[in-house]
Amino acid sequence: MVTKKYKVLFFSKESRGGVGTFLKQIVHLNKKKFILKFYLYKKDPFCGLKKNLIIINKSYEQDEKPSMQKILVFIKNVLLSFRIFVREDADCIFTSDLYSSIIALLIKKILLRRIKVVILINTNLIKVIRRKKGSVYRFFLLSLIKNLYSFADQIIFVSHGLNKYLTRILKLKKERVLTIYNGLDLNLVQNKA
């Protein structure tokens with residue numbers, strides 16, 4: 001009997017902090033059930049992954065200020081990601097930060113409705129957005145995530161408090177949210193596959 005392998009693409013802006021820990025966990029998923037590829041939007045010298053890691057855009061800007069250059073880089077990253085999504089024909093896209101989740105959900109909403117998008121949220125997005133410079137930029141980001149996050153197939157929160165708060169603020173459907181402490185329960189993922 002041949003078992004289906006699930007192709008999962010993991011997208012992130014970088015691999016620092018909780019994302020790096022999460023990546024170190026996810027590589028241990030059963031190779032007989034999963035094909036994993038990891039994409040980062042910017043080169044990260046601290047990333048411990050070498051195998052199946054692809055840097056999408058080496059010209060990603062580092063600063064937090066909104067600018068026309070950053071908008072163009074964002075559009076370029078959306079187009080590069082779309083090509084990857086189509087070429088890879090994955091079963092699921094997994095994201096773990098605001099930047100990559102917006103890109104994945106934009107592509108899902110506009111172009112590839114069939115693709116499954118799972119988002120790991122390990123920080124309070126509202127606080128992240130409030131730290132951004134420019135009130136118009138903050139308003140745009142908040143509106144964007146309120147509209148796009150409803151298209152996620154699953155949103156995983158790392159704590160019950162974060163789940164409850166952001167589900168209420170972003171008006172998420174309760175059947176699409178889940179709390180998994182530390183972000184990943186390998187036994188749960190492997191059993192559901």
- Query: For the range 65-90, how many residues are open to solvent by 90 Å² or more (accessible area, probe 1.4 Å) and in contact with a Lys or Arg (Cβ under 8 Å, 6 or more places away or on another chain)?
  - Reply: 2
- at pLDDT below 80 and surrounded by 15 or more Cβ atoms within 10 Å (Cβ to Cβ), is that true of K108? no
- Task: Could you grab the pairs with beta carbons closer than 8 Å, sequence gap of 6+ or different chains, first residue in the range 77-92 and on the phi > 0 side of the Ramachandran plot, second one open to solvent by 20 Å² or more (accessible area, probe 1.4 Å)?
- Result: D89/K7
- Of the residues in the range 152-175, those that are within 14 Å of the chain's Cα centre (by Cα) and at pLDDT 90 or above come to A152, D153, Q154, I155
- Evaluate the range 112-121: report whether one residue or more is in contact (Cβ under 8 Å) with a residue 40 or more places away in the chain and either among the β-branched types (V, I, T) or open to solvent by less than 80 Å² (accessible area, probe 1.4 Å) (or both). yes
- Note on the range 127-144: residues at pLDDT below 80, of a type in the set (A, V, I, L, M, F, W, C) and surrounded by fewer than 16 Cβ atoms within 10 Å (Cβ to Cβ) are V128, V136
- Task: With respect to S101, determine if the residue is in contact with a Ser or Thr (Cβ under 6 Å, 6 or more places away or on another chain), buried (at least 17 other Cβ atoms within 10 Å of the Cβ) and either modelled with pLDDT of 85 or more or among the charged types (D, E, K, R) (or both).
- Result: yes
- Query: Which numbered condition trips up K43, out of (1) open to solvent by 80 Å² or more (accessible area, probe 1.4 Å); (2) at pLDDT 80 or above?
  - Reply: (2)
- Assess whether L178 counts as being of a type in the set (A, V, I, L, M) and either surrounded by fewer than 19 Cβ atoms within 10 Å (Cβ to Cβ) or at pLDDT below 90 (or both). yes
- Residue count, the range 48-86 (criterion: over 16 Å from L98 (Cβ atoms) and at pLDDT 75 or above): 12
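The values are calculated or read from the model by the stated rules, or taken from the named source; none is laboratory data. No experiment lies behind these values; they were computed from the predicted model shown. Note that each Cβ is placed from the backbone with ideal geometry, even for glycine, and that neighbours are counted across all protein chains shown. Please note that ligands, DNA and RNA were not included when accessible areas were found on the heavy atoms of the full protein model with its side chains. Shrake-Rupley method; radii C 1.70, N 1.55, O 1.52, S 1.80 Å.
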